[in-house]
1. Any idea what the dipole of the range 55-196 comes to, in debye rounded to 20, about its Cα centre with Lys/Arg Cβ at +1 and Asp/Glu Cβ at -1?
2. Which of P164, N143, A180 sits farthest toward the positive end of the charge dipole of the range 143-189, with +1 on the Cβ of Lys and Arg and -1 on the Cβ of Asp and Glu?
3. Measure of size requested: the Rg and Dmax of the range 70-115, with Cα atoms as the atom set and Å as the unit; please supply both.
4. Taking 1 over the mean of 1/r across every pair of different Cα atoms in the range 134-196, what Kirkwood radius in Å do you get?
5. For R183, what accessible surface area do you get with a 1.4 Å probe? Give it in Å², rounded to 10.
6. Place a +1 charge on the Cβ of each Lys and Arg in the range 122-196 and a -1 charge on the Cβ of each Asp and Glu, then give the dipole magnitude about the Cα centre in debye, rounded to the nearest 20.
7. Return the tail of the calculated pair distribution for the range 51-196, meaning the percent of Cα-Cα pairs more than 26 Å apart.
8. Leaving ligands, DNA and RNA out of it, rank T149, T113 by accessible area with a 1.4 Å probe, largest first.
Amino acid sequence: MTTRRLLGFGLVLLVTSGLAGCAGPHYLTPEPKRSVQVPAAGQGQEVSVTARDTRQEAVIGTRSGSAGSTAVVIVDPGELTPRLQAEAERAVRDMGFRPVGDAAPGRPDLTLTLKRLDYGRGDAPPMVGSVRLTAVLEAKAQNDGTTYTGSYTARRTQQYAVKPDREANQAMIEELLSDALDRAFRDPELAGLLAR
């Protein structure tokens with residue numbers, strides 16, 4: 001009887017610890033990539049390029065949809081910013097310009113800013129879960145006293161029968177941010193202003 005109780009207690013501990021692991025945070029390290037063609041407007045001119053992530057915190061939401069949940073989803077601005085910087089520089093290079101890191105008087109300037117990244121519960125039929133994702137990028141081009149600012153929003157709603165694991169969440173956030181990058185860099189106004 002004692003052995004049976006110990007086995008039962010051990011099983012409860014195992015299940016409880018497994019559930020606790022499921023409720024822990026998901027630290028995501030997305031690597032978004034632009035996939036669309038960009039307008040070819042440059043002729044090798046230098047363009048200062050800066051990427052920023054101005055979100056107030058790294059937590060983008062919770063997997064349960066509850067504000068007090070420990071099942072948070074985290075994307076660290078310090079890790080994401082260099083990836084956005086690399087994609088912004090690649091886009092500027094593909095436009096025909098030469099990206100540089102430092103600003104200088106008289107040099108065209110492009111600033112890419114992640115303003116918002118949200119992970120929240122979506123509306124779904126009974127017995128089905130849903131996650132709603134939103135990303136907002138802002139691109140600001142400045143050249144010769146003229147400024148153009150564009151805001152680009154990507155949204156995605158994903159239904160599921162089993163809650164997404166870390167890999168699935170990372171893939172969804174990566175696709176969302178890649179979509180926002182595509183929306184930003186296919187805007188012909190950005191390339192046109194930088195080329196003036």
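1. 220
2. P164
3. 14.1, 49
4. Value: 13.4 Å, from the Cα pair sum.
5. Accessible area of R183: about 90 Å².
6. 140
7. That fraction is 33 percent.
8. In descending accessible area the options line up as T149, T113.
The values are calculated or read from the model by the stated rules, or taken from the named source; none is laboratory data. Model, not experiment: these values are computed from the prediction. Cβ atoms come from the backbone with ideal geometry, glycine included; neighbour counts cover every protein chain shown. With ligands, DNA and RNA removed, areas are computed over all heavy atoms of the protein, side chains included. Shrake-Rupley method; radii C 1.70, N 1.55, O 1.52, S 1.80 Å.
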